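The values are calculated or read from the model by the stated rules, or taken from the named source; none is laboratory data. In this text, all values refer to a predicted model and were calculated from it rather than measured experimentally. Here the Cβ is made from the backbone with ideal geometry for all residues, glycine too, and neighbour counts use every protein chain on show.
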Amino acid sequence: MAWAFVNKFAVDEILNLYVSLKPQIIDPKRNLEFLHAISTFTKASVGSAAVTTYYEVRQALGGFGYSYYSELHEMINNGDINTTWEGDNRVLLQQTARFLMKNCNRVATGKEVSTEHLGYFKAFNEDKAGMLAKVADIDFNAEDLGLSQVIQVYQYFAAKTAFRGMDHFTEALGAGKDMFEVYL
Ligand SMILES: Cc1cc2nc3c(=O)[nH]c(=O)nc-3n(C[C@H](O)[C@H](O)[C@H](O)COP(=O)(O)OP(=O)(O)OC[C@H]3O[C@@H](n4cnc5c(N)ncnc54)[C@H](O)[C@@H]3O)c2cc1C
């Protein structure tokens with residue numbers, strides 16, 4: 001249920017980003033790809049979380065949650081489609097994954113990332129051990145633990161996961177699998 005609140009902040013932030021990027025949308029070479037990648041992720045994440053949350057609420061209310069009088073049945077029924085409409089969530093997540101792996105490939109072949117928001121991919125590719133050492137040094141119990149340190153941790157694990165995905169992708173293609181099999 002807490003995830004539903006996290007999503008609320010994420011969606012607000014993306015709406016702000018959309019408003020600030022609107023003037024650039026007429027130039028598709030700029031941050032449009034980035035906006036696409038985070039909106040496909042957010043729709044899939046929020047849509048799936050909504051479905052899970054309805055069921056959690058239903059269970060938290062016990063037998064009453066199942067009862068017609070809780071009025072949850074209508075919300076559950078209406079919410080269920082969030083995994084499918086406006087794009088199947090699995091397919092949308094694949095679009096985000098594709099964007100991230102393309103950027104891994106860009107840095108691995110000496111090119112610039114397509115958005116400054118993925119600058120940490122370059123840092124990871126150049127010195128992953130150094131990045132890990134910085135994360136390992138963070139004291140999570142410190143009273144002055146700041147947002148920038150939390151972001152550092154997320155960036156390390158996000159880059160690690162994306163690069164691992166790209167390696168897996170490259171290996172599978174090298175082993176003769178076709179694109180469809182690799183994405184599955
Ligand atoms: C109530 C409702 C209202 C709608 N309103 C509109 C509307 O107003 N305008 C409009 O244009 N459309 C509308 N749609 C269509 C909607 O956008 C599509 O249903 C949605 O995009 C999913 O596409 P699909 O039904 O073809 O399912 P698919 O994309 O074919 O998905 C079916 C299954 O195949 C899996 N799958 C598909 N591709 C892959 C892949 N590459 N890798 C792995 N698994 C895969 C999916 O995970 C899913 O389990 C509406 C749909 C509904 C149900």
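Only residues that are within 15 Å of the ligand (Cβ to nearest atom) and over 18 Å from the mean Cα position of the chain (by Cα) were counted in region 77-106, giving 6.
Rundown of residues vs (1) within 20 Å of Thr40 (Cα to Cα); (2) within 14 Å of the ligand (Cβ to nearest atom); (3) exposed (fewer than 13 other Cβ atoms within 10 Å of the Cβ); (4) not assigned by TED's automatic domain parsing to the domain that holds Lys43, yes/no style:
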residue	(1), (2), (3), (4)
His117	yes, no, no, yes
Gly130	no, no, yes, yes
Lys134	no, no, no, yes
Asp144	no, no, yes, yes
Ala158	yes, no, no, yes
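For region 51-75, a residue qualifies if it is out of contact with any helix residue (DSSP H, G or I) (no Cβ under 7 Å at 6 or more places or on another chain) and of a type in the set (S, T, N, Q), and the qualifying residues are Thr52, Ser67.
Within region 112-136, which residues are part of a loop (DSSP other than H, G, I, E, B) and modelled with pLDDT of 95 or more? Answer for region 112-136, where residues must be part of a loop (DSSP other than H, G, I, E, B) and modelled with pLDDT of 95 or more: just Asp127. Taking the stated definitions as given, is Val107 without any contact (Cβ under 8 Å) to a residue 24 or more places away in the chain and either assigned by TED's automatic domain parsing to the domain that holds Ala37 or exposed (fewer than 15 other Cβ atoms within 10 Å of the Cβ) (or both)? For Val107, the condition - without any contact (Cβ under 8 Å) to a residue 24 or more places away in the chain and either assigned by TED's automatic domain parsing to the domain that holds Ala37 or exposed (fewer than 15 other Cβ atoms within 10 Å of the Cβ) (or both) - is not met. Residue-level check: of (1) in a helix (DSSP H, G or I); (2) touching a residue at least 12 places away in the same chain (Cβ under 8 Å), Glu86 misses just (1).
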